[in-house]
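K.L.:
Take a look at the following structure, please.
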Amino acid sequence: MNVRIAESADVDPTATVGDGSAIWHLAQIRDRASIGQDCIVGRGAYIGSGVQVGARCKIQNYALVYEPALLEDGVFVGPAVVFTNDTFPRAVNPDGTLKSASDWEATGVTVRTGASIGARAVCVAPVVVGRWATVGAGAVVTRDVPDHALVLGVPARQVGWVGRSGARLEASGDGRWRCPVTQDMYRETHTGLELDARPDEREQA
C-alpha cells in the first residue's frame, strides 16, 4: 500500500489510512480514526478518536479535528482550524470533581463534500457545513452552513455563494448564479445552491 507516514507522526494501530495518503511530521491520528485515499494530513494536525475522513481531503498544519467529526470527500481544512466537540465545556463537574469521558457526550462537526474551511476558523459543534461551501479564514461557525454558501465573520454570516471552483458566484437574475471561472450556472434552492448547467450542456440544449 502506498502510504507515507513521517517518523515523528503518531498513528494509532487501530486507525486506518487509505492508499496514496500522506501523514506529515508530528501529526496525531487517534484510535479508530479513518483517513480515506489520497489525503494529506499536515504537520502537527490532530485527528480525534473515531473521526471519519473521506477521500482526497487536505487537513493543513495544526488543525484540530476532534471526535466525532465527519469529513466527506474532497474537504479542505486550513491551518490551525478547530472543530469543537463539547456543547457545555467544563473541566470539572458541579461537585468540583474532574470530569471524565463518562461525564459528557461529545458532539461533532460534519463537513460535506467539497467544502473548505479557512485558516484559523472555528466550527462550534454541532454544525453542518454544506457541500462546496466556503468558511472564510478566522470565522466562527455557530450554525449550519448551506450548500455553496460563503460565510465570514464572528459569528459567521453568509455574504454570498461559491461554485465548485471556489470562486464567488455572480448573479444572473431569476435566482441563478454564474461561476466566473468555469461558467457553470447554479440555481437557488431551499437548502442552498444546486448546479443548474455546465457550458457544454447549455450548448447542446
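K.L.:
I'm trying to understand the selection: among the residues of segment 151-175, which are aliphatic (A, V, I, L, M), crowded, with 21+ Cβ neighbours inside 10 Å and within 25 Å of residue 126 (Cα to Cα)?
P.N.:
151, 156, 162
K.L.:
Would you check if residue 116 is more than 12 Å from the chain's Cα centre (by Cα) and either in the same structural domain as residue 63 (by TED's automatic domain parsing) or closer than 21 Å to residue 76 by Cβ (or both)?
P.N.:
No, not satisfied.
K.L.:
Further question: Tell me, which residue of segment 29-39 that is surrounded by fewer than 19 Cβ atoms within 10 Å (Cβ to Cβ) and of a type outside the set (Ser, Thr, Tyr) is farthest from residue 73 (Cα to Cα)? Show your work before the answer.
P.N.:
Narrowing segment 29-39 to residues surrounded by fewer than 19 Cβ atoms within 10 Å (Cβ to Cβ): 31-32, 34, 37-38.
Going one step further and asking which of them are of a type outside the set (Ser, Thr, Tyr), we end up with 31-32, 37-38.
Details: 31: 21, 32: 18, 37: 9, 38: 10 Å.
Going through the qualifying residues, I end up with 31.
K.L.:
Looking at (1) surrounded by 21 or more Cβ atoms within 10 Å (Cβ to Cβ); (2) more than 17 Å from the chain's Cα centre (by Cα), which one does residue 13 not meet, given that it meets all the others?
P.N.:
(1)
K.L.:
Check 135, 154, 128 and return the single one that is touching a strand residue (DSSP E or B) at 6+ places or on another chain (Cβ under 6 Å), in the same structural domain as residue 77 (by TED's automatic domain parsing) and either within 21 Å of residue 48 (Cα to Cα) or at pLDDT below 95 (or both).
P.N.:
128
K.L.:
Quick one: what pairs do we get from segment 131-142, first residue touching a residue at least 12 places away in the same chain (Cβ under 8 Å), second hydroxyl-bearing (Ser, Thr, Tyr), C-beta under 6 Å, 6+ apart or different chains?
P.N.:
131/113; 134/116
K.L.:
For segment 18-41, name all the residues that are of a type in the set (S, T, N, Q), closer than 17 Å to residue 56 by Cα and not in a loop (DSSP other than H, G, I, E, B).
P.N.:
The answer is 34, and nothing else.
K.L.:
Moving on to the next point. Would you call residue 187 over 21 Å from residue 76 (Cβ atoms), surrounded by 14 or more Cβ atoms within 10 Å (Cβ to Cβ) and modelled with pLDDT of 95 or more?
P.N.:
Details: over 21 Å from residue 76 (Cβ atoms): yes; surrounded by 14 or more Cβ atoms within 10 Å (Cβ to Cβ): yes; modelled with pLDDT of 95 or more: no.
So residue 187 does not fit the description; no.
K.L.:
Turning to a different aspect of this structure: Report yes if some residue within segment 47-63 is in a loop (DSSP other than H, G, I, E, B), farther than 24 Å from residue 154 by Cα, among the charged types (D, E, K, R) and free of Cβ contacts under 8 Å to residues at least 60 places away in the same chain; otherwise report no. Before you say what the answer is, go through the steps one by one.
P.N.:
Here is the first cut: in segment 47-63, the ones in a loop (DSSP other than H, G, I, E, B) are 48-51, 54-57, 60-63.
Keeping just the survivors that are farther than 24 Å from residue 154 by Cα gives 48-51, 54-57.
Going one step further and asking which of them are among the charged types (D, E, K, R), we end up with 56.
With free of Cβ contacts under 8 Å to residues at least 60 places away in the same chain added as a condition, the list becomes 56.
Yes, the conditions are met somewhere in segment 47-63.
K.L.:
Follow-up question, since we're still on this one. Which numbered condition trips up residue 193, out of (1) over 30 Å from residue 88 (Cβ atoms); (2) out of contact with any helix residue (DSSP H, G or I) (no Cβ under 7 Å at 6 or more places or on another chain); (3) surrounded by fewer than 17 Cβ atoms within 10 Å (Cβ to Cβ)?
P.N.:
Status for residue 193: all satisfied but (3).
K.L.:
So, residue 148, is that one farther than 18 Å from residue 79 by Cα and in the same structural domain as residue 66 (by TED's automatic domain parsing) or not?
P.N.:
It is true that residue 148 is farther than 18 Å from residue 79 by Cα and in the same structural domain as residue 66 (by TED's automatic domain parsing).
K.L.:
Right, next: Would you be able to say whether some residue in segment 89-104 is part of a loop (DSSP other than H, G, I, E, B), outside the structural domain of residue 191 (by TED's automatic domain parsing), at positive phi and touching a Phe, Trp or Tyr at 6+ places or on another chain (Cβ under 7 Å)?
P.N.:
The answer is no; no qualifying residue exists.
The values are calculated or read from the model by the stated rules, or taken from the named source; none is laboratory data. Since we're looking at a predicted model, the values are computed, not measured. Here Cβ is always computed from backbone atoms with ideal geometry, including for glycine, and neighbour counts include all displayed protein chains.
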